[in-house]
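> My questions will all concern the structure given below.
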Amino acid sequence: MPSRVPRLRGNSPLRSGPYPLGEFPDSVVIAIGQYVFHRIAVGHYDITGDDFASMFADAISGEHREKPLGVADVVWEGCAWSAKTVKVEKPFSCKKVRFISGRNSPDYSSGISDPRKDAGKTGRAVLEIWNARIDQSLNQHDDLRIVGFIRNMAAMEFALFEYEAVRFPPGEYHWEFNKRGNLEGFDINSGKHCFTWQPHGSQFTVIKDVPASSYKFRIAKHPGMLEMRHVLRLAGFKESLIERVY
């Protein structure tokens, strides 16, 4: 079968991720489930974005960057991910999610001091900031993805999916302020709501459909919570380790 990517003289071969886009190996999901199980066992009943990024990085033998480059906060060889998690009541039937995708300030980046004056201009500036971050990440990585983790820690039900991180052409969306004063972006052709930007805090949210192929799983048994005395014993705690400092 011929290659879909033409070979060019002087070019290094493109690198890709540890598995095909969206096709999570069972081993990766089991590793994530193991981390979740452990957190519940030691009394942590929720997961932050940084927690998930660390879990995912360990599951793929990658690296979690404390300071992301562009949107890339997890890296593995030539592949990078922006790791997102969202809490919902029913992960298995969830159709759409809202991923907080950074703080995009048109004032700082584009000199737009009054974002309400021209909704279209502000919206274009918001997308241009996102696109610049994508470009920054792709300067260092051949494969750039968003990995999403939908969670209900109480029910111990989860869904995992990913998609290619792409630039959003500003000309394909129109923008308007809603009743709450937030700026919303809509696909010009379909009318689909795609983005929300909040003037207070400059928070940029991307709205994504959850694919039917998402990897759904549950933890079948609650681990219970380890008593503190057992954790201290396993960690080798002794009273002499508490040293008074004068």
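> Based on what the data block shows, is ALA83 touching a residue at least 40 places away in the same chain (Cβ under 8 Å) and either in contact with a Phe, Trp or Tyr (Cβ under 7 Å, 6 or more places away or on another chain) or within 25 Å of LEU226 (Cβ to Cβ) (or both)?
Considered against the rule, which asks whether it is touching a residue at least 40 places away in the same chain (Cβ under 8 Å) and either in contact with a Phe, Trp or Tyr (Cβ under 7 Å, 6 or more places away or on another chain) or within 25 Å of LEU226 (Cβ to Cβ) (or both), ALA83 comes out as yes.
> Which is aliphatic (A, V, I, L, M) and surrounded by fewer than 17 Cβ atoms within 10 Å (Cβ to Cβ), of VAL28, VAL71, VAL42?
Selected residue: VAL42, the only one of VAL28, VAL71, VAL42 that is aliphatic (A, V, I, L, M) and surrounded by fewer than 17 Cβ atoms within 10 Å (Cβ to Cβ).
> GLN198 passes all but one of (1) touching a residue at least 24 places away in the same chain (Cβ under 8 Å); (2) surrounded by 14 or more Cβ atoms within 10 Å (Cβ to Cβ); which number fails?
Unmet condition: (1).
> For residues that are among the aliphatic types (A, V, I, L, M) and more than 21 Å from PRO211 (Cβ to Cβ), scanning just region 31-52, find the one that is nearest to the chain's Cα centre (by Cα).
ILE47
> Test ALA119 against the criterion of being modelled with pLDDT of 95 or more, out of contact with any Phe, Trp or Tyr (no Cβ under 7 Å at 6 or more places or on another chain) and farther than 18 Å from ASP46 by Cα, and give yes or no.
no
> ALA53: over 30 Å from LEU234 (Cα atoms) and either surrounded by 22 or more Cβ atoms within 10 Å (Cβ to Cβ) or in contact with a His (Cβ under 9 Å, 6 or more places away or on another chain) (or both), yes or no?
No: the conditions fail for ALA53.
> Scanning region 166-188 for residues that are aliphatic (A, V, I, L, M) and under 16 Å from PHE204 (Cβ atoms), which turns out modelled with the lowest pLDDT?
By that ranking, first place goes to VAL166.
> Another one. Looking for whichever is touching a Cys at 6+ places or on another chain (Cβ under 8 Å) and β-branched (Val, Ile, Thr) here; the options are ILE242, ILE219, ILE207. Which one fits?
On inspection, the qualifying residue turns out to be ILE207.
> So if I check each of SER82, SER113, which one is closer than 27 Å to SER213 by Cβ and among the hydroxyl-bearing types (Ser, Thr, Tyr)?
When all the criteria are applied, what remains is SER82.
> Pairs only if they're at least six apart or on different chains, beta carbon under 7 angstrom, first in region 208-235 and without any contact (Cβ under 8 Å) to a residue 60 or more places away in the chain, second loosely packed, with under 13 Cβ neighbours inside 10 Å; list them, first residue then second.
That search, which allows pairs on different chains as well, returns nothing.
> Within region 159-178, identify whether any single residue is more than 26 Å from SER16 (Cα to Cα) and charged (D, E, K, R), and answer yes or no.
Yes, the conditions are met somewhere in region 159-178.
> Looking at ILE146, is it within 15 Å of ASN104 (Cβ to Cβ), touching a residue at least 12 places away in the same chain (Cβ under 8 Å), surrounded by fewer than 21 Cβ atoms within 10 Å (Cβ to Cβ) and under 14 Å from the mean Cα position of the chain (by Cα)?
Criteria not met by ILE146.
> Count, please, the residues in region 149-179 that happen to be part of a strand (DSSP E or B) and surrounded by 17 or more Cβ atoms within 10 Å (Cβ to Cβ).
12
> Let me ask something else. Regarding LYS67, is this residue of a type in the set (Lys, Arg), within 30 Å of ALA132 (Cβ to Cβ), modelled with pLDDT under 95 and more than 13 Å from the chain's Cα centre (by Cα)?
For LYS67, the condition - of a type in the set (Lys, Arg), within 30 Å of ALA132 (Cβ to Cβ), modelled with pLDDT under 95 and more than 13 Å from the chain's Cα centre (by Cα) - is met.
> Out of the residues in region 81-116 meeting the condition of being at pLDDT 95 or above and more than 28 Å from LEU69 (Cα to Cα), tell me which one is surrounded by the most Cβ atoms within 10 Å (Cβ to Cβ).
Per the criteria, the residue is PRO91.
> While we're looking at this one, here's another question. Looking at region 96-121, which of its residues are of a type in the set (Val, Ile, Thr) and under 15 Å from GLN203 (Cα atoms)?
Within region 96-121, ILE100 is the sole residue that qualifies.
The values are calculated or read from the model by the stated rules, or taken from the named source; none is laboratory data. Small disclaimer: the values here were computed from a predicted structure and weren't measured. Cβ atoms come from the backbone with ideal geometry, glycine included; neighbour counts cover every protein chain shown.
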